[in-house]
Amino acid sequence: MAVDVVSEVVIDRPVAEVAGYAGDPSNAPAWYVNIRSVEWLTPPPPRVGSRVAFVAQFLGRRLAYTYEIVELVAGERLVMRTAEGPFPMETTYRWEAVGAGRTRMTLRNRGEPSGFAAVAAPMLAAAMGRANRKDVARLKALLEGRGA
């Protein structure tokens, strides 16, 4: 069973600011609830082909995985896929202006769990959805200057 989780938030900041911050993997530990560390395996800034190693804590387990940026359209879309990790996953960020100085950001995670994770896919998807909603709310608070 595939996991496909989508969350979105409207942030009272211009697209360039939201995309610039959220689209830089170095900032992920500040707004992702579960990400503990990020290490660039290729030199920044983000571009197609960049590889970034993440360590996360999710459902009581330490997860280490490497994402590769496979698509980047400045101020519009960023797509990363796992190059290494517990199961194949794709994360997509989309940004669009929704009025003067406001941005709708959509965060989508989808993948194909295997082994035990495949059996637990519905629970995994629900937990990912809860975490993603917290993540985008935290991003909104950070970028709107209200802390996390």
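The values are calculated or read from the model by the stated rules, or taken from the named source; none is laboratory data. Since we're looking at a predicted model, the values are computed, not measured. With ideal geometry, Cβ positions are generated from the backbone for all residues, glycine too; neighbour counts draw on all protein chains shown.
From the list Gly111, Gly101, the lone residue that is touching a Pro at 6+ places or on another chain (Cβ under 6 Å) and either within 15 Å of Val15 (Cβ to Cβ) or of a type in the set (D, E, K, R) (or both) is Gly101.
Listed by position, the strands (runs of 3 or more DSSP E) enclosed by segment 7-102 that each have at least 2 residues that are acidic (Asp, Glu) and at negative phi are 61-73, 89-97.
Is at least one residue of segment 21-36 at pLDDT below 95 and over 13 Å from the mean Cα position of the chain (by Cα)? The answer is no; no qualifying residue exists. Residue check: Ala148 meets all listed conditions (1) outside any loop (DSSP other than H, G, I, E, B); (2) modelled with pLDDT under 95 but one, namely (1). Consider segment 1-47 and keep the residues that are aromatic (Phe, Trp, Tyr) and touching a residue at least 60 places away in the same chain (Cβ under 8 Å). The one that is nearest to Ala141 (Cα to Cα) is Trp31.
Here is a yes/no grid of residues against (1) surrounded by 15 or more Cβ atoms within 10 Å (Cβ to Cβ); (2) modelled with pLDDT under 95:
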site	(1), (2)
Val48	no, no
Val52	yes, no
Leu59	no, yes
Phe87	yes, yes
Arg102	yes, no
Met105	yes, no
Gly129	yes, yes
